[in-house]
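See structure below.
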Amino acid sequence: MMLSATTHSTKAFSLFDSVPDDHMGFGFGASFNAKAVQGFLGLKKEDISRMTAVSPKSVRFDEAMPEPVRERLEEIALTINLVAKVFGGDVDKTVTWFKARNPLLGDISPRDMIRLGRFERLRKFILNAMIESRPAASAAAPEAH
């Protein structure tokens, strides 16, 4: 599956789209549910440890959650919600996209890219795809002199 403006929303990507609606129900700020992100991606403590450079014994999801764990899982949650936005908030399509192997990602699933510590590459891929898929509204407008 590819992110495409032809089959999904054609709204232009803007500066404020980096904080999309919470289609997946992960929450924001004090209501953020890091455990829900872990469950969505099927991450083990070892995966989270690798992504955050925090000892597996220190990975936890209560009020004593290490800040690097919280920050990384919040970034991942925002990115998941960006993809959900492309699919019109469809949770099933979003889950499928993250689990499906993608030839544009080297035939690896987005979920596995995150598990293997390649989240930044995936995030950039998603953002670039969203930017490329926006309509070229300004190209058709005549220039004012």
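Quick one: order Leu122, Leu116 by neighbouring beta-carbon count within 10 Å, fewest to most.
The fewest-first ordering by Cβ neighbours comes to Leu116, Leu122.
With each label point set 7 Å from Cα along the Cα-Cβ vector, what nm distance links Val91 and Ser58?
That separation, rounded to one decimal, is 3.3 nm.
For Asp107, Asp47, which order do you get if you count the other beta carbons within 10 Å of each Cβ and list the fewest first?
Ordered by Cβ neighbours within 10 Å, fewest first: Asp107, Asp47.
Give the long-range amide H neighbours of Asn102: residues separated by 5 or more places, or on another chain, with amide H under 5 Å away, using H modelled in the peptide plane at 1.01 Å from N.
Asp107, Ile108, Ser109
Between Glu120 and Glu46, how many nm apart are label points set 7 Å from Cα along the C-beta direction?
My value for the distance between the label points is 2.5 nm.
Do any of Lys35/Lys85; Lys35/Lys93; Lys35/Lys99; Lys57/Lys93; Lys44/Lys85 go past 24 Å between their Cα atoms, and which?
Lys57/Lys93; Lys44/Lys85
The numbers here are math on the coordinates, done by the rules we state, and not lab data. All values derive from a computational prediction rather than experimental measurement. FYI the Cβ positions are ideal-geometry reconstructions off the backbone, even for glycines, and counts take in every protein chain you see.
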